[in-house]
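Encoded as structure tokens, the structure appears first; notes follow it.
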Amino acid sequence: MSLKKSSGRNYKTLNPREKTYEPPVREFVALHLMDNLGAQRIRLLLQSVEHPQLIFRLERHELESIRGIGPVTADEVVTFNRWDEVDDILQKTENTGAEIMTYWDDDYPPLLREIYDPPLLLWIKGDRKVLQTDSLAVVGTRKAGEYAVNMAEKFTKKLVEHNLTIVSGLAYGIDGAAHRATISAGGKTIAVLGSGIDWIYPSDHKGLASEIVKTGGAIISEFPLGTAPEMGNFPVRNRIVSGMTHGTLVVASGIEGGSMITAKSAIDQNREVFVIPHPVGHPNAIGCNSLIKRGMGKLVQNVEDILTEIKVHITIDTRPDDQEQPEPEMKWTSQELDEFSIEICKTLEEDSLHIDKLAEQLGKPTHQLMPKLLELEMLGCIRQTAGKNFELL
């Protein structure tokens with residue numbers, strides 16, 4: 001079966017012998033228009049061919065032989081004739097000043113590609129190259145107080161100084177503060193929408209969205225043009241906010257809401273979660289302090305607390321391969337510690353240890369050991385992991 005051509009547009013038919021393929025934007029849009037194809041089945045199809053264009057050259061029996069593709073789905077692919085509608089979407093995207101990135105593209109965000117359910121299509125307005133940069137998500141409640149906004153601005157500007165791109169959701173409150181602080185600091189920021197790329201929400205942030213694009217950032221969405229900002233879209237988009245970044249900073253949050261969903265997504269995606277503490281009793285303390293209490297996020301007091309956790313990801317070694325690399329310096333070696341603290345650190349040099357094992361090796365009771373471990377943790381020399389194990393930083 002040959003690929004159908006839409007009227008009024010030139011389309012180069014695939015020649016498998018030459019193995020020269022055009023960017024598969026049309027194919028991805030076409031697959032998303034099919035009623036019986038969800039993201040999982042599209043992935044099954046993509047895994048079965050050398051290039052997405054080949055999907056539309058498969059015979060019915062070949063499609064049915066693919067695991068998860070039944071007769072109804074195979075028939076929909078074989079009989080697909082909505083190429084005019086595909087081209088209309090592409091034209092409207094262009095008219096909007098946006099473009100479409102597919103999961104197949106080489107410049108698809110590398111971290112986002114790693115999550116369980118990465119979006120197969122992204123509408124982008126702005127510089128798509130910014131999606132390749134090292135980034136951190138900054139999120140929080142829409143009902144942010146003065147303290148939370150100040151913290152968002154302070155941390156964001158410091159993160160920008162370390163060349164991190166800031167990702168957020170363009171919402172009122174912390175999201176907006178993070179985007180504005182990034183622009184003010186001369187950095188780049190990405191806004192992930194819970195609506196179509198042509199439907200900026202909230203509408204009061206249309207000017208902010210324009211500034212994000214003008215300053216080298218980007219507005220992105222996985223939702224088709226014209227998609228309204230419905231409530232159910234935002235939890236879905238939050239997985240992109242956390243998934244394309246090295247970690248998520250929760251600035252302020254109640255016990256429920258988008259920020260907690262984003263934090264949970266980050267944990268599921270094996271990403272770091274950082275939390276700014278709040279005074280007990282403050283409404284924004286409930287979610288943040290709960291994350292810290294349950295060990296779901298790291299309490300941070302300055303940007304260095306964040307950088308020490310993600311530096312392994314963002315450090316680029318430019319030295320020649322044959323140049324001997326020095327051993328990384330442990331944090332405790334630069335501190336003025338007493339003899340007992342030094343002994344603890346030296347004992348932890350080989351491997352992390354449970355507190356009972358550490359007490360046994362040091363010949364000290366745990367009640368004497370705990371205050372020192374807490375002191376070393378506050379200095380950033382060690383950290384406690386799950387199960388009361390301790391390791392060096």
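Amide H contacts of V273 (H built 1.01 Å from N, in plane; Pro and chain starts excluded): T248, K298 sit under 5 Å, all sequence-distant by 5 or more or on other chains.
Among beta bridges from DSSP that stay inside the chain, the antiparallel ones total about 45%.
Treating r as the C-beta distance of E22 and K214 and R0 as 30 Å, the FRET efficiency rounds to 0.45. Counting beta carbons within 10 Å around each of K372, K346 and listing the fewest first gives the order K346, K372.
Contact order for segment 112-313, expressed relative to its length and based on alpha carbon pairs under 8 Å spaced 6+ residues apart, stands at 22 percent. Between A228 and L393, the modelled labels are 4.7 nm apart [label points 7 Å from Cα along Cα→Cβ].
Based on C-alpha pairs under 8 angstrom that are at least 6 apart in sequence, the chain has a relative contact order of 11 percent.
When a footprinting reagent is the concern and you count Cβ atoms within 10 Å, what order do S221, S334, S290 take, fewest first?
Listed from fewest to most nearby Cβ atoms, that is S334, S290, S221.
Fully extending the segment from D268 to Q361 would add 30.0 nm, taking 0.36 nm per residue of separation and subtracting the current Cα-Cα distance. Taking a ≥ b ≥ c as the square roots of the eigenvalues of the alpha-carbon gyration tensor, segment 112-313 is classed rounded because a/c is under 1.5.
Residue order for D127, D204, fewest other beta carbons within 10 angstrom first, comes to D204, D127. Under the convention that each Lys and Arg Cβ holds +1 and each Asp and Glu Cβ holds -1, the size of the dipole of segment 331-392 around its Cα centre is about 180 debye. Given a Förster distance of 22 Å, report the FRET efficiency between E146 and Y172 from their Cβ-Cβ distance, rounded to the nearest 0.05. That pair, E146 with Y172, gives E of 0.90.
Suppose R0 equals 35 Å. What FRET efficiency, 1/(1 + (r/R0)^6) with r the Cβ-Cβ distance, do H162 and E256 give to the nearest 0.05? The formula returns an efficiency of 0.65 here. Each Lys and Arg contributes +1 and each Asp and Glu -1, all at the Cβ; summed about the Cα centre of the chain, the dipole is approximately 1160 debye. How about K388: which aspartates and glutamates have a C-alpha closer than 12 Å to its C-alpha, ignoring those fewer than 8 places off in the same chain? The reachable aspartates and glutamates, counting only those whose Cα sits under 12 Å from K388, are D356. Given the options N270, N302, N95, which has the most mean-square fluctuation in a GNM of the chain, springs set between C-alpha atoms less than 10 angstrom apart? Evaluated over the chain, the most mobile residue of the options is N95.
For the chain, adding -39500 (n - 2.57) for each run of n ≥ 4 DSSP H residues and dividing by the number of residues yields -11500 deg cm²/dmol at 222 nm.
Values quoted throughout were computed directly from the atomic coordinates according to the rules given, and no laboratory measurement underlies them. On a predicted model such as this, the values are computed, not experimentally measured, just so you know. Cβ sites come from the backbone with ideal geometry, for glycine too, and all protein chains shown count toward neighbours.
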